[in-house]
Amino acid sequence: MNIYEQIKKGAADLSEEVIQLRRIIHGYAEIAGKEYQTRQLVCDRLDSLGIPHIDVTETALIGIWDTGKPGKRVALRADMDALPMVENPQNLKGDRTCMSSQADTCHACGHDAHTAMLLASITLLHSLKSSLCGIFYFCFEAGEECGKSVNQMIEKLQRLKPDTVWAMHVYAGLASGKISVDAGPRMAGGAILNIQVNGQGGHASRPDKSRNPVYTAADIVTNIPGALLAQMNPEDAVTYGVTGIAGGGVGNIIPDTATIIGTMRFFNQQAGQKAAKIVREVAEYTAKMHHCTVNLPETEIFGGPVINDVVCAALADDILSKYLPADTICKCPPWYASESFARYLQEFPGVFAFLGIQNADYGSGAEHHNEYFDVDENVLQLGVAATALYAVSYMEKGGETS
């Protein structure tokens, strides 16, 4: 039995363990930067295998496992944080298998599954130590949802110099048991819209004696789409989503200020930067027309798109197609959400894989960040196998396909 067949068998043997790990972490459900119990679980697992680890932030850490034989350096990453939202006791089908034990906090994006799969992958790889070479970096990122530790993780990895990076995200938009490792853009970059409009308040009966920031904000919101349509290359998809306009609160008082919030998403960094510039210009010129001013403290790019390396994606496709069940590997359109793993792929060649969890019989398939979101636990062993297969294949082939 070659090492890849051993990985398949080992992942199957760990199927119950990875499910139990996911349920434990799901119960912890700790928000960004507060993943103390989850971190301790990770540390306990690393310690039990004799794998040293270094702190990156108070909760983020990297396990460093040197096999003792020269070889490539492979970094495998999982995120650990939950979301500050209420979990529904049911998924789309019925009662869910496990619930968050924390009030108003739950794993509604799948990070519990990511951490569980990486922990099981570590156990699997460690069991094959005599057949492995090189150095593995096991990266457990804190606060992915808000970029809590990504910069510190990148700083550490820049010193550790991995040859490749890998991460896997469960995806409700893909059928359970399917895996996508397509090259190119996988998730969108994003820009925050946070526009404060400054006017001059007064009595609503005499708007001519005031400078109404509410009218101004409304015009800004409606002027931006036309400017984007007229100035952006139609081949560069940029979504524009306003999620809130606030100003005043009393029917006969014009307020001094109003605010606009939302985001834009894109798969081309230059297009995102151009769109952000257009938004700033529209806001400034529209405000000037109303004799108002604007502050745009955060209308900037907060993350680039997730872009898989062509060579690494081909390697992943090759090895996973050979050793996972037929038709597991599939093509998948890019996902418009954003992910901090974009920073890793800007620095190092690698792969961000999607693992499908959409299963009507199980009740999974609700959108991420939704109260009904759930993970089809039956596919977790596939994620463990895929992670280990990519890592070992990269060690053996050094980024070249057969």
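Odds and ends about this structure:
- Residue within the stretch 284-304 that is aliphatic (A, V, I, L, M), surrounded by 16 or more Cβ atoms within 10 Å (Cβ to Cβ), more than 30 Å from K178 (Cα to Cα) and within 25 Å of the chain's Cα centre (by Cα) present: yes
- Neighbours by Cβ (under 6 Å, 6+ apart or cross-chain): first from the stretch 5-33, surrounded by 17 or more Cβ atoms within 10 Å (Cβ to Cβ); second aromatic (F, W, Y): K8/Y323
- Exactly one residue out of G173, G189, G143 is under 17 Å from the mean Cα position of the chain (by Cα), on the phi > 0 side of the Ramachandran plot and not charged (D, E, K, R): that is G143.
- Restricting the stretch 73-99 to residues that are assigned to a loop (DSSP other than H, G, I, E, B) and of a type in the set (G, A, S), the residue that is surrounded by the fewest Cβ atoms within 10 Å (Cβ to Cβ) is G94.
- Odd one out for V250 among (1) under 15 Å from N212 (Cα atoms); (2) touching a strand residue (DSSP E or B) at 6+ places or on another chain (Cβ under 7 Å); (3) not acidic (D, E): (2)
- Evaluation of V384 against the conditions (1) of a type outside the set (G, A, S); (2) buried (at least 23 other Cβ atoms within 10 Å of the Cβ); (3) within 25 Å of K148 (Cβ to Cβ) shows that the sole unmet condition is (3).
- Exactly one residue out of V221, V242, V238 is at negative phi, buried (at least 20 other Cβ atoms within 10 Å of the Cβ) and touching a strand residue (DSSP E or B) at 6+ places or on another chain (Cβ under 6 Å): that is V238.
Table: residues versus (1) in contact with a helix residue (DSSP H, G or I) (Cβ under 7 Å, 6 or more places away or on another chain); (2) under 30 Å from K72 (Cβ atoms).
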residue	(1), (2)
A237	no, no
T259	no, no
E281	no, no
K288	no, no
L296	yes, no
S321	no, yes
L324	yes, yes
D327	no, yes
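- Set A227, A237, A204: member being in contact (Cβ under 8 Å) with a residue 40 or more places away in the chain, hydrophobic (A, V, I, L, M, F, W, C) and within 30 Å of E339 (Cβ to Cβ): A227
- The stretch 240-279, subset assigned to a helix (DSSP H, G or I) and touching a Ser or Thr at 6+ places or on another chain (Cβ under 9 Å), residue nearest to P207 (Cα to Cα): V279
All of the numbers you see were taken from the coordinates with simple rules; none came from a lab. Only a predicted model underlies this, so the values are computations on that prediction, with no experimental measurement involved. Using ideal geometry, Cβ is built from the backbone for each residue, glycine included, and neighbour counts are taken over all protein chains shown.
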